[in-house]
Amino acid sequence: MKRLFTFILPTFLLAQSYPEVMSNLEHSLTLKSAQQLEIAAWESYRAAEGRNLPALDISISAIKFHEIPTATFASTKLPMGTKKHTEGSLTLTYPLFSGFAISSSIEKAKYSHEKVLLEVADLKRNLFLNATKLYSAVAAADEIIAAQEEAKNAITESYTKAKGLYDNGMLAPAELYAIEAKKFEIDAQITESKNRKLQALNQLTYLSGEKIKSAHIPVNTLPEIEENDMIAIALTQREDLLALAKSMDIAQSDITLARSRYYPNLALVGSLKGQGDSFEFDGDGYTNGNKSYAGIVASWNLFSGFSDVHTTESAKAVKLASVITLEDYKHRIATEISNTYLDIKATQSKIESAQMQVKASAEYAKLIRGRFDNQLASADELSRSIADLAAVKAKASILASELFNQTAILWLEAGLSTYQEKIQGTLSDKQK
């Protein structure tokens, strides 16, 4: 059964929307760096594929001997060549069988590229996580500052009335100073809130690579599905989990690669080769110039000090470790999502409480202000009621922001693709 959370906070005309800020993360230098690593992995995969194709090599050499090559027969030296010697060849080599080493190398490179792709997506997901927290903090800061400014205006108005009473000898100096002190305290709180907002904006600007000036919580509905359904989505679509699964595939390729040493290597070789005493390669008067050949080359390692066995066992252990890590990570993801659901439920309860506190504090502040005007309440009671009202309003704003943050993060915990479809895409469509 689906539930819907609605977040309604004042919007700001100059504020960048949440989907806009998330889209700007594409400009992140961290993400661009990771994307280059993905390109490198792709090129490595293409390079590995090249090993399946024949190799064509050309070779040309020209040397000059210090002496004419000779052979001695019955104490007689007979010339066997000339001082100048040239060779040229065009050789084609095609691997017929490598004990599955080539196919395993290609497969490993493919899985490595797919893993890097998933790691880049997971990096982006984590950027979204951090940016969402910062965006929510900025939006909450705006509401906190607005509540504090409201409290400052109220305390200033009360101070003006108290000053009039003080000037007419109807209010003790301590009462006036108490209101004045509270006014300076609220000013300090506003400065602190603005500084925290600027710090969050600076971090958000760094992540996105674009200047972010302000933020607001979307006046939209964010969906949430049942916990078990969310966990099921995460266990099949979350990028870091899929990357770990690719590690298992890579480990299996390493096992096959290690076992390939148990088999012989066969290659087809053919060469157009000539030699002589000039670059015409027409012989040197002693041996023929055409040295072309074709054949099959076979090699087989019979013993290597059991290194192949140990390499295979090592690869098997790595795969087993990957399997265990994957299962552990699945439990970790399920736990994260379950805890996020608990956080959301707790925040919802706190919001209901905070809304009642705002209503009660507003009425109480109104009552105390009236009593103070009639000299039935002290300046300390007045300043505390104004400060308390500002505090509960700020608390309500923080909770509303936190609920949005937790719900967006919940979808990010299910995976980047799921989040982009259910949250980012939904918010973008509603803003059009």
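In table form, for the structure just shown:
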| quantity | calculated |
| --- | --- |
| Charged-residue dipole, Cβ positions (Lys, Arg, Asp, Glu), segment 107-171 about Cα centre, Debye nearest 20 | 300 debye |
| Signed unit charges on C-beta, dipole axis of segment 76-155, positive-most listed residue Ala131, Pro79, Ala147 | Pro79 |
| Isotropically averaged projected area of segment 309-432, using the convex hull of Cα atoms (one quarter of hull area), nm² | 13.3 nm² |
| Extent along principal axes [Cα atoms of segment 110-171; Å; largest to smallest] | 87, 11, 7 |
| Selected from Pro54, Leu389, Ala354, residue furthest toward positive end of dipole (the chain; charges at beta carbon) | Pro54 |
| Two-site label geometry, Phe303 and Leu320: point separation in nm, points 7 Å out along Cα→Cβ | 2.9 nm |
| Cα-based equivalent ellipsoid of segment 39-94: semi-axis lengths in Å, sorted from largest, via gyration tensor | 46, 12, 9 |
| Listed residue pairs exceeding 32 Å between alpha carbons, taken from Lys330/Lys422; Lys110/Lys345; Lys246/Lys350; Lys32/Lys330; Lys182/Lys211; Lys182/Lys345 | Lys110/Lys345; Lys246/Lys350; Lys182/Lys211; Lys182/Lys345 |
| Normalised contact order of the chain, rounded percent, pairs of Cα under 8 Å and 6 or more residues apart | 27 percent |
| Cα-based convex hull, segment 164-314, per residue volume (Å³, whole number) | 480 Å³ |
| Label-to-label distance, nm, for residues given as Tyr177 and Glu280 (7 Å Cα→Cβ offset) | 11.7 nm |
| Cα-based convex hull volume of segment 172-218 per residue, rounded to whole Å³ | 70 Å³ |
| For the chain, size of Cβ-based charge dipole, Lys and Arg +1, Asp and Glu -1, in debye | 240 debye |
| Size of electric dipole in segment 314-376: Cβ of Lys, Arg +1 and of Asp, Glu -1, about Cα centre, debye, nearest 20 | 40 debye |
| Over the chain: Rg over Rh, Cα atoms, Kirkwood Rh | 1.32 |
| Mean separation of Cα contacts under 8 Å, 6 or more apart, over the residue count of segment 17-151: relative contact order % | 31 percent |
| Spin-label pair Glu26/Arg196, simplified geometry with 7 Å Cα→Cβ offset, distance in nm | 3.4 nm |
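Every read-out reported here was derived from the displayed coordinates using simple, explicitly stated rules and does not represent laboratory data. From a predicted model like this one, the values you see are computed outputs, not experimental measurements. Neighbour counts are summed over all protein chains in view; Cβ atoms, including those assigned to glycine, are modelled from backbone coordinates with ideal geometry.
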